[in-house]
Structure formats: C-alpha cells, structure tokens
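In what follows, a structure is listed as structure tokens, so that the remarks can point back to it.
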Amino acid sequence: MAITDAIRTRESTTAAHGDGGTQSDGADGGTHGDGADSGTHGDGGASGFRPVPVWFFAFEGMLGASYDIVKSSPHAWTFVAACVVANIALARTVLRGRLKMAKAILKGRRTRKIAVGLIALRAGVHIALGAAGMQFTSPPAHVAVAVAMCAATVALLAFDQRVMLRALAAG
C-alpha cells in the first residue's frame, strides 16, 4: 500500500536523524480518556504514529458544517472562529504527539475522497430539496444539517484512522 510505504520512508528518515518520534511522551501521556488509545496504541506506536482521539475530529466536522452554522444565526461566525482557535491550540499543545498521525490522515487519498463525498452529499441534499420544492432556510433546519454533516465527518474520519492503523499494523 502507498500509505505504508510513505510511512516507512518517513519513519526511516526520522530514525536516521535520531529523533525517534519521542518528542511527545511527556506532553500528553495518553491519559486524556480518549477511548481511541486502548486497542490501537500498540499498533500505531510501533510505527511512530499515535491515534488521534475521535473527539478531535469534531473540530474538522464543525469546519465542514460551518456554512450551515453561520447561516443559522448572524453571530454564529464567532462560534466557528472560537472553534478554529481551540482546534489550533489543542493541536499544538495537548495533541502535539499525535499531530503526525493527524497530518498523515489529512494527506491521505481516502480523506480527500471523504471530503469530496461530503461536499457532494451537501450539494446533493440542497439540489434534491430544491427540486422537491423544499429548501431549508430556517435556523433549525440549518442546525440540523450542520449536526448531520458534523456527525458524518467525525464517523468517516474515525473510520479512516482505523483503516490506516490496521494497514500499518499489517505492514
């Protein structure tokens, strides 16, 4: 698989430079109550990748749903901006050691397919409802679509991460 080859290449260059991938052992220690570590920590740890907690994908889901969040209220953009700041802060502090896995996930081919699929789903829902003569223009309708898009994004990214970790463990 292309992912495992790219990861092995990164791992060998990291080991050659003496980094060893241990920069984050003191920062988060894996004790944040994120159930993602329990079954896959050993698999991901062998290759230098630690799983990203599923709750972190909620930020990515929120960004995917930001259009509907902003349409639900005139002041909702402040919520989106605060979530972006929180996302950056968590990525640079608490999840510093897992940033390598997050970058690998976001650069993956499956992740691009997920992003395109979610955009197509959102556009398809708008087109289908428009063709049926029902468009959602009320704030509760926008919130409902935002929640659905966020949930779909979180589920698909968590699945993508599990597939990637299994590929690493098999390789």
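The values are calculated or read from the model by the stated rules, or taken from the named source; none is laboratory data. Since this is a predicted model, take the numbers as computed values, not measurements. Only protein heavy atoms, including side chains, enter the accessible area calculation; ligands, DNA and RNA are left aside. Shrake-Rupley method; radii C 1.70, N 1.55, O 1.52, S 1.80 Å.
See the values below:
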| item | result |
| --- | --- |
| Carbon plus sulfur fraction of accessible area for the stretch 86-133, probe 1.4 Å, in percent | 70 |
| The stretch 143-153 - phi-based ³J(HN,Hα) in whole Hz, Karplus 6.51/-1.76/1.60, Gly and Pro as x | 5, 4, 5, 4, 5, 5, 5, 5, 5, 5, 5 |
